[in-house]
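Read-outs: derived from the displayed coordinates by stated rules, not from any lab. Computed from a predicted structure; not experimentally measured. Neighbour counts run over all protein chains shown; Cβ positions are idealised from the backbone, glycine included.
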Amino acid sequence: MKIDSPQKLKEWRDRCLKKKAAAKNTIVVCFGPGCLASGCREVYAKFAEILEERKLKDITLKSVKKTGCHGLCEKGPLVVIEPEGIFYTRVKPAHVKDIIENTIINGEVIDKLLYKDPKTDKRIEKYHDIDFYKKQTRIALRNLGHIDPDDIEDYIAAGGYSAVVKVLTSLTPEEVIEEVSISGLRGRGGGGFPAGKKWATCRKVDADTHYVICNGDEGDPGAFMDRSIMEGDPHAVLEGMIICAYAVGARDAYIYVREEYPLAVQHLYKAIEDAMECGLLGENIMGTDFSLDIHVSRGGGAFVCGESSALMKSVAGDVGEPRAKYIHSVVKGLWDQPTVLNNVETFANVPEIINKGGEWFKSIGIETSTGTKAFSLVGKVENTGLIEVPMGITLREIIFDIGGGIKDGHKFKAVQTGGPSGGCLPETYLDESVDFDSLTKAGSMMGSGGMIVMDDRTCMVDVARYFLKFLVDESCGKDVPCREGLYQLHSLAVKVTEGKATEDDLALMEKLSEFIVIGSLCGLGKSGPNPFLSTVRYFRDEYLAHIRDKKCPGGVCRELITYEINDKCTGCLACIKPCPVDAISGEKKKIHVIDQALCTKCGACYAICQFDAIDIK
Amino acid sequence: MKIQINGRWYKAFEGEMVLDVLRREKIDVPALCAHEAVEPFGSCRLCMVEITHENWGGWKGNVTSCLYPVEDKLRVTTHTPKINELRKMILNLLLARCPNAPEIQKLAEEYGVTITDFVPRPDADDCILCGLCTRVCAEMGFYAISIVGRGYGREVGTPLNEAPPDCTGCLACVNICPTHCIKYEDVGNVRKIWDREFELVPCKRCGKTIITREFADRLIKDKNLPEDYFDLCDDCKRDDIAKNMSKLVIWQDKKEEVKR
């Protein structure tokens, strides 16, 4: 089916919608990264098996839809019954029979599978009534959890490709750039550079050809926003890229996606193939002069290749090392041609901006940071998952309303935003607005949208050490401050966690950090000391506790803690077996004792004790 | 165009980098990874300078001079307190990496760093990973050696850590290395480098060795040189030229005689 006019698209869309309306129910099985890990494939297989067997009239396997990430990964595998929106959590293959018989056939809701609100302990039937979803505004993630990423008809039914059709039939490239500029859309990859300005500069550069690149090299530990979009709604990314390519005058575009995201790669290839078949990619799109090919460029998974200049080198087949950007890549980028590089989420926003207008987008969020931002909310919160919130929301709303608060009744300690090179913010910043400028001012950054919540059992020095280690491993090593400096900074952080550091070492760490920031070549090095700088800024007393008192307040650093058994011990013998070094002795119903000389502080006893009888000191 | 360096104006040319001007004007700025034979790279960060411009509304920035293109009326300061501190820190780090490299020790001392604050690398060699060797090899078209690994584990190496098949034994890497840490050996008419042995071509007249056979063949082929180009060493060639010149002089003398 070739789309060559707005009329054709509308007809096709109407047909898709009609088909959809004919089905009684749709059973959505979330195939996002979280649910895949917790076993949604088995759940889907069970649906297939039972439906095959039962041969129901209204419901066939066609009604069971595999979608991208629905959001609430913590409670996966998720199954949603549409159109009602009945939301089943932690579904096991054993539940499938009940779902079909009770809910689908008899219209009864299965109570035990419903989401339980952590605050009220009440079961909630429909997902739109859950705080986690209620407080979100979804633009980039609009189709996630609703459409089958492998089916272009699903995307068309959701209004897909209408922006491309609108752009190609009624807007000039300048008008497209103008609309994006009005929207105030800023790059979602972390830098926050205004997308409209970038596109306009690139368009103005006189060159043989222009390129558009989509950065899908999401490498932050604990971040999966871009992955989820590429896996769950690949056409939205393509549509954004087509519009951008039209605006800047590009003939070829590249999606750089890491090989570790096999499902994203697979879905992107399929989406490109389908879009080509519909004439939305390739030669003379919709009968205009505009032609575009989108290529998938698969990366090897080096974190530094998320940096734009390193990424372009990698696309061109060289070793992914950054270069100095005194000449910007919008002027001289891929193969020395003017290049627009935006990340997945930025492109996914573009079709909606074209459809609904820049003014609409601008009305969401705050003046300097418009629209929404997707985050992967992870760590010690009740509801981990993928969220999208309007800019200007507070950290408190994200963590306590959407996230449902801290797990297991513990106390909030810090939230880490911006990935490894971001920073940790303490409780005093909970009411801070979440936008590009406020987070930077607070000493962290927006980054691509990883958000890791930490509770009072976290050691901030250990957190800094962890992220520094990540950066030491991922630095390309081209320049001295980043390669040698981060290595030495990490060594000093290890020294602190071992209780061997002095206050002079801490002063040296601060001085070294200052010069790594000034001296490094690319963003990785320039923001490399951030994990240390932000923790020492807000949690200096923890560093001093390690240095002066040789204590770890979080109870994490092995060299500085001891495990001791208190009088809550019931003598149940449970901790004796898991101890790998046989350091615990004791008899039944008598308080056990840990031999400190043998104890390796592995924490196995602490994990197994059900009576709170083990103290970390 | 003109640029201002430390308060004085100097001539600069389109396409030049700031470091090119600094070096031409003999203004002392340390740089370990920049060499006129290869493209700038920006890895040592020692050549950082502060720049500003009358049109920038007072904005100042620190940039690597080897990579920053000159523009008219650019104002450069080569030794601000901050940049001096940065250079000190970099040398401090380099001393931890290469505690035994005399060139690094000397430069560090110039900046007042005699001992590193950090833990020196165990079993340290003198390689500072400036990449000059690998870049000169690549720019000559050989790509025999390259940077392997990343981060702190980065090193200069050969493909699969084996003797590099594309090496011609030309010694460009040896000669460009700022810390002289690439080792080679010429014994008789055999050169040993990068785990390989090369035959050295002797001069057909005096017997002195000139160049490796592989490098000679490669140059003759790539540069369209005559087959016998490397038959004689430079000294013997010069000798021949001198002889021919003297013949010419004698002949001219004779011509003068005839005229008279």
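Averaged across A:515-521, how many Cβ atoms of other chains sit within 10 Å of each residue's Cβ atom?
Mean shielding by partner chains, rounded to a whole number: 6.
Calculate the dipole size of chain A relative to its Cα centre from +1 charges on Lys and Arg beta carbons and -1 charges on Asp and Glu beta carbons; express the result in debye to the nearest 20.
960
With the dipole of the protein assembly as shown worked out from charges on the C-beta (+1 for Lys and Arg, -1 for Asp and Glu) around the Cα centre, which of A:I398, A:G219, A:G385 lies farthest toward the positive end?
Ranked along the dipole, the leading option is A:I398.
Convert each backbone phi in the range B:106-122 into a coupling constant with the Karplus relation 6.51 cos²θ - 1.76 cosθ + 1.60 (shift: θ = phi - 60°), then list the ³J(HN,Hα) values in order as whole Hz, x for Gly and Pro.
Karplus values, whole Hz, x for Gly and Pro: 5, 5, 4, 4, 4, 9, x, 9, 9, 9, 7, 7, 9, 7, x, 5, x.
Whole angstrom only: what separates the Cα centroid of the range B:1-36 from the Cα centroid of the range B:49-102?
Between the Cα centres of the range B:1-36 and the range B:49-102 lies a distance of 12 Å.
For A:T600, A:T372, B:T77, B:T179, which order do you get if you count the other beta carbons within 10 Å of each Cβ and list the fewest first?
Least to most surrounded, the residues fall as A:T600, B:T77, B:T179, A:T372.
Which GluC sites (Glu not before Pro) does the range B:132-171 hold that lie in a coil by DSSP with at most 15 other beta carbons within 10 Å? Working shown, then result.
Working: sites: B:E139, B:E155, B:E162; in loops: B:E162.
For GluC sites (Glu not before Pro) across the range B:132-171 that sit outside H, G, I, E and B with at most 15 neighbouring Cβ atoms in 10 Å, the list reads B:E162.
Just to confirm the filter: which GluC sites (Glu not before Pro) across the range A:528-612 are DSSP coil and have at most 14 other Cβ within 10 angstrom of their Cβ? Mind showing how you got there, number by number?
Working: sites: A:E542, A:E559, A:E564, A:E587; in loops: A:E587.
Hits after loop and neighbour filter: A:E587.
Stokes-Einstein D for the protein assembly as shown at 25 °C, 0.890 mPa s, Kirkwood Rh over Cα pairs, in µm²/s?
Numbers: Rh = 31.4 Å.
Calculated translational D: 78 µm²/s.
In the range B:105-210, which chymotrypsin sites (Phe, Trp or Tyr not before Pro) are in a loop and have at most 15 other Cβ atoms within 10 Å, using DSSP for the loop call?
B:Y143
Rounded to the nearest 500 deg cm²/dmol, what is the calculated helix-only ellipticity per residue at 222 nm for chain A, with -39500 (n - 2.57) per DSSP H run of length n ≥ 4?
The helix contribution divided over chain A gives -10500 deg cm²/dmol.
Order these by the 10 Å Cβ neighbour count, fewest first: A:M454, A:M225.
Details: A:M454 21, A:M225 27.
With the fewest neighbours first, A:M454, A:M225 line up as A:M454, A:M225.
Over 31 Å between C-alpha atoms is what I'm after, so list which of A:K57/A:K373; A:K65/A:K356; A:K8/A:K134; A:K198/A:K313; A:K568/A:K601 land there.
Checking Cα-Cα distances, A:K57/A:K373; A:K8/A:K134 exceed 31 Å.
When only Cα pairs under 8 Å and 6 or more residues apart are kept, what is the percent relative contact order across the range B:109-215?
Relative contact order of the range B:109-215: 19 percent.
Once you list every other residue whose beta carbon is under 11 Å from the beta carbon of B:E185, what net charge do they have if Lys and Arg are +1 and Asp and Glu are -1?
Net of charged neighbours comes to +1.
Can you list the residues, at least 5 places off or on another chain, whose amide H is less than 5 Å from the amide H of A:K332, using H built in the peptide plane?
Hits under the 5 Å cutoff: A:T339.
What ³J(HN,Hα) values, in whole Hz, does the Karplus curve 6.51 cos²θ - 1.76 cosθ + 1.60 give for the range A:17-32 when θ = phi - 60°, with x put for Gly and Pro?
5, 5, 4, 5, 5, 5, 6, 5, 10, 10, 9, 9, 10, 6, 10, x
Each residue of the range A:356-370 in order: what ³J(HN,Hα) in whole Hz does its phi give by Karplus 6.51 cos²θ - 1.76 cosθ + 1.60, θ = phi - 60°, with x for Gly and Pro?
Per residue, the Karplus-derived 3J(HN,Hα) values read 9, x, x, 4, 4, 4, 5, 6, 9, x, 10, 4, 7, 10, 8 Hz.
Which of these, B:K82, B:K223, B:K247, has the largest mean-square fluctuation under a Gaussian network model of chain B (Cα springs below 10 Å)?
So, out of B:K82, B:K223, B:K247, the one fluctuating most is B:K247.
Hey, which aspartates and glutamates would be in cross-link range of B:K82, C-alpha to C-alpha under 12 Å, not counting anything within fewer than 8 residues on its own chain?
Result set, ordered by chain and number: A:E514, B:E50.
Farthest toward the dipole's positive end in the protein assembly as shown, which of B:V190, A:L268, A:T570, given Cβ charges of +1 (Lys, Arg) and -1 (Asp, Glu) about the Cα centre?
About the Cα centre, the residue reaching furthest to the positive side is A:T570.
Taking H placed 1.01 Å from N in the peptide plane, check which residues at least 5 places from A:G443 or on another chain put their amide H under 5 Å from its amide H.
Residues meeting the criterion, in which the H sits 1.01 Å from N, do not exist here.
Once amide H atoms are built 1.01 Å from N in the peptide plane, which residues 5 or more positions from A:Y115, or in another chain, come under 5 Å H to H?
Sorted by chain and number, the residues that satisfy this are A:T89, A:I124.
Fewest to most neighbouring Cβ within 10 Å: what's the order for A:L61, A:L281?
The fewest-first ordering by Cβ neighbours comes to A:L61, A:L281.
In degrees between 0 and 90, to the nearest 10, how far off the longest principal axis of chain A does helix A:460-474 point, with axes built from Cα atoms?
Tilt of helix A:460-474: around 50 degrees.
Can you tell me the dipole magnitude for the range A:460-547 around its Cα centre, using point charges on the Cβ only (Lys, Arg +1; Asp, Glu -1), in Debye to the nearest 20?
About 200 debye.
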